[in-house]
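> Mind looking over this structure? Questions follow.
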Amino acid sequence: MTIKQLSVFLENKTGRINDLTRILGREGINMHAFSMAETPDFGILRLIVSDVERAVEVLRAENFAVMLTDVVCIKCDNEAGALSTILERLSEREIFIEYMYAFADGAQANVVIRPNNVDECVEILNECNCNIMRGF
Amino acid sequence: MIWNPNKECMSRDEMHALQSKRLQKLVTYVYHNVPFYRNKMQEMDIAPEDIRSIDDIVKLPFTTKQDLRDNYPYGLQAAPPSEIVRVHASSGTTGNPTIVGYTRKDLAVWSEVMARCLTAYGVTRDDTFSVSYGYGLFTGGLGAHYGVENLGATVIPTSTGNTEKHIRLIRDLNISGIACTPSYALYLAESLEKMGLDRDDISLRIGAFGAEPWTENMRREIEERLGLKAYNLYGLSEIMGPGVSYECSEQNGSHISEDHFYPEIINPETLEQLPYGEQGELVFTTLTKEGMPLLRYRTKDLCTLMTGECACGRTAVRMGRIVGRSDDMLIIRGINVFPSQVESVILEMQEFEPQYMLVVDRVNNLDTLQVQVEVRRDFFSDDIGRMLNMKKRLADRLKSVLSISADVRLMEPGSIERSQGKGKHVIDNRILK
């Protein structure tokens, strides 16, 4: 029920994200979602891609520092209050969210969540019949 | 004005005789009081009696900073502990700082040579003089301080920090002279301008600058912005501290107090003594020191020595500007920094690859140090907090080892340029115009 997210360490340097996207494009790996967390000198790029194993392999071969992180991806209705209802459930069970990113398109919104306790988070989301994605 | 014409204007023959006598006495003294020197001399098959004149100095062994470190803390001290009245320390590479003990007579000599410097700059009893070198283990503050007192001027021990208060004192107390690093002088000028003041609002007329490399352009800029005349003040803690050599009004090299510090220039590769006028590594022998006398101490500073009587009347050998180093030491904000210190810190933290680069720059007249390190793949984390923590731990550790703060930059593995053979670990962007 979890999805493997790719986390890549990047120096803050013009063109560095492009280096990575070029490699993925060349290898025919599609990106479904990504987000960038930045500090003044480095950033962590978090991506969900079509072929995780292959992406790790090619990026490592190109000297990128890459690691895999378990995240939970859900679909919810693209309407006011929908996400709040879900997050309410998580917080009342003491699930802390380290980071999350989302985008909405049409009637649905896709949300990527990195909770402190992945298994418990999935369990809670299942209990409330949340639409957990098994893949993109 | 000349503080001690008997010594500063001594004829060359008299100086030669005095140095010869003092060297003989020194060699006998260290032979009997410092096992390190006795052993070295015995290995080289030299006895104190073999030293008959200052020209025999080439027979004597050299001393390096590494020797001081290896004999930490008091191994090279010649005087008994009861005779030591003060100790200074300079930052050493990895762990061992350099410890220098002074006897009462050493401090008297130090105040004497500092008074010579100040008098050469034109400081008199009527001046109010601010010492803005750091006070403490560093020799700059206290060394200059007692020189000003010995001369009889009024010393204001401002030390470093709190520049606004300093400027207020310069104005309110009519401070006419200042000793500090040249970069601090520029910082002072900038702070003055930020406060809406300029050179006409202060009455500084003399500046004694040293403890870090500087150039003619910096001299002109300092003189222009602070409205004073800027003089070079050279020294190093192993030999004494500030006051080893000084410029006079001619500003044609710095006069060395040769009756106390005997200078030589050597080829740093062959260690052969070079004639005056040739560029090489500056070496000093402390002719009169009691606490920690040193034979032929290799300063690693590259310069030339000049002879000939100066128009000011002084006869002592003069040293030209320091043009570089024969090792990889950097001077950042007046503090000695060796790349090997950074290396040792990085090697002891498993999160980092053994690759690093020091980037030194000067921003708003203050030196900055950036340390770039590569994070090992296995230690990369998706958690920003953890990464920032890793960065902070390295910064804290560097600060405690280097005594100055460094801006740590975490880099991707493999991103720091690998060089063949001896690694290049320093990019110095400071433009010493």
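The values are calculated or read from the model by the stated rules, or taken from the named source; none is laboratory data. Small disclaimer: the values here were computed from a predicted structure and weren't measured. Neighbour counts run over all protein chains shown; Cβ positions are idealised from the backbone, glycine included.
> Check residue B:45 against each of (1) in a helix (DSSP H, G or I); (2) over 20 Å from the mean Cα position of the chain (by Cα); (3) farther than 17 Å from residue B:285 by Cα; (4) of a type outside the set (Ser, Thr, Tyr) and name the one condition it does not meet.
The one condition residue B:45 does not meet is (1).
> Of the numbered conditions (1) at pLDDT 95 or above; (2) assigned to a loop (DSSP other than H, G, I, E, B), residue B:283 fails exactly one; give the number of that condition.
Failing condition for residue B:283: (2).
> Within region B:343-352, is even one residue assigned to a strand (DSSP E or B), within 30 Å of residue A:63 (Cα to Cα) and at pLDDT below 95?
From region B:343-352, those assigned to a strand (DSSP E or B) are B:352; that's our starting set.
Filter again for within 30 Å of residue A:63 (Cα to Cα), leaving B:352.
Narrowing further to those that are at pLDDT below 95: B:352.
Scanning region B:343-352, I find at least one residue that is assigned to a strand (DSSP E or B), within 30 Å of residue A:63 (Cα to Cα) and at pLDDT below 95, so the answer is yes.
> I would also like to ask the following. Within region B:355-370, does at least one residue satisfy the condition of being within 12 Å of chain A (Cβ to nearest Cβ) and in a helix (DSSP H, G or I)?
no
> Just checking, how many residues over region B:275-317 are in contact (Cβ under 8 Å) with a residue 40 or more places away in the chain, in contact with a Ser or Thr (Cβ under 6 Å, 6 or more places away or on another chain) and of a type in the set (D, E, K, R)?
So the count comes out to 5.
> Within region A:4-15, identify whether any single residue is over 27 Å from residue B:408 (Cβ atoms), within 14 Å of another protein chain (Cβ to nearest Cβ), touching a Leu at 6+ places or on another chain (Cβ under 6 Å) and not in a loop (DSSP other than H, G, I, E, B), and answer yes or no.
Yes, region A:4-15 has at least one match.
> Within region A:103-113, can one find any residue that is at pLDDT 90 or above and closer than 30 Å to residue B:392 by Cα?
Scanning region A:103-113 turns up at least one residue that is at pLDDT 90 or above and closer than 30 Å to residue B:392 by Cα.
> Can you pull out the residues in region B:96-120 that are assigned to a helix (DSSP H, G or I) and either without any contact (Cβ under 8 Å) to a residue 40 or more places away in the chain or over 17 Å from residue B:8 (Cα atoms) (or both)? Talk me through it step by step, then tell me what you get.
Residues of region B:96-120 that are assigned to a helix (DSSP H, G or I), as a first pass: B:104-120.
Hits for region B:96-120 are B:104, B:105, B:106, B:107, B:108, B:111.
> Scan region A:11-36 and report the pairs whose first residue is modelled with pLDDT under 90 and whose second residue is exposed (fewer than 12 other Cβ atoms within 10 Å of the Cβ), with Cβ atoms within less than 9 Å and a gap of 6+ or a chain change.
The qualifying pairs are A:12/A:40.
Let's see how each residue does on (1) in contact (Cβ under 8 Å) with a residue 12 or more places away in the chain; (2) under 22 Å from residue B:249 (Cβ atoms); (3) surrounded by 23 or more Cβ atoms within 10 Å (Cβ to Cβ); (4) among the aromatic types (Phe, Trp, Tyr):
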site: B:122; (1), (2), (3), (4): yes, yes, no, no
site: B:128; (1), (2), (3), (4): yes, yes, no, no
site: B:143; (1), (2), (3), (4): yes, no, yes, no
site: B:146; (1), (2), (3), (4): yes, no, no, yes
site: B:152; (1), (2), (3), (4): yes, yes, no, no
site: B:157; (1), (2), (3), (4): yes, no, no, no
site: B:160; (1), (2), (3), (4): yes, no, no, no
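> Moving on. Could you list, in sequence order, the residues of region B:201-224 that are at pLDDT 95 or above and in contact with a Leu (Cβ under 8 Å, 6 or more places away or on another chain)?
Of everything in region B:201-224, those that are at pLDDT 95 or above and in contact with a Leu (Cβ under 8 Å, 6 or more places away or on another chain) turn out to be B:201, B:202, B:204, B:205, B:206, B:207, B:208, B:209.
> I'm trying to understand the selection: among the residues of region B:323-340, which are β-branched (Val, Ile, Thr) and buried (at least 20 other Cβ atoms within 10 Å of the Cβ)?
Selection gives B:332, B:337.
> (1) more than 19 Å from the chain's Cα centre (by Cα); (2) hydrophobic (A, V, I, L, M, F, W, C); (3) within 14 Å of chain B (Cβ to nearest Cβ): which one isn't true of residue A:58, the others all being true?
Status for residue A:58: all satisfied but (3).
> A further question follows. Listed residues B:103, B:98; which is of a type in the set (Ser, Thr, Tyr) and under 18 Å from the mean Cα position of the chain (by Cα)? Give the steps one after another, and end with the answer.
On the way: B:103 fails: under 18 Å from the mean Cα position of the chain (by Cα).
Only one candidate qualifies: B:98.
> I would also like to ask the following. Please verify whether region B:240-257 includes one or more residues that are in contact with a His (Cβ under 9 Å, 6 or more places away or on another chain), aliphatic (A, V, I, L, M) and not in a strand (DSSP E or B).
Within region B:240-257 (the criterion being in contact with a His (Cβ under 9 Å, 6 or more places away or on another chain), aliphatic (A, V, I, L, M) and not in a strand (DSSP E or B)), the answer is yes, since at least one residue qualifies.
> What do you reckon, is residue B:242 closer than 18 Å to residue B:116 by Cα and surrounded by 23 or more Cβ atoms within 10 Å (Cβ to Cβ)? Outline the logic, then answer.
On the way: closer than 18 Å to residue B:116 by Cα: yes; surrounded by 23 or more Cβ atoms within 10 Å (Cβ to Cβ): yes.
So residue B:242 fits the description; yes.
> Out of the residues in region A:101-112 that are out of contact with any Leu (no Cβ under 8 Å at 6 or more places or on another chain) and buried (at least 17 other Cβ atoms within 10 Å of the Cβ), which is nearest to residue A:36 (Cα to Cα)?
Step one: filter region A:101-112 for residues out of contact with any Leu (no Cβ under 8 Å at 6 or more places or on another chain), giving A:101, A:103-108, A:110, A:112.
Cutting the leftovers down to buried (at least 17 other Cβ atoms within 10 Å of the Cβ) gives us A:101, A:110, A:112.
Values: A:101: 10, A:110: 17, A:112: 13 Å.
Residue satisfying both the conditions and the ranking: A:101.
> Additional query: Do we find a residue being facing chain A (nearest Cβ under 9 Å) and touching a strand residue (DSSP E or B) at 6+ places or on another chain (Cβ under 9 Å) anywhere in region B:391-401?
Checked region B:391-401: at least one residue is facing chain A (nearest Cβ under 9 Å) and touching a strand residue (DSSP E or B) at 6+ places or on another chain (Cβ under 9 Å).
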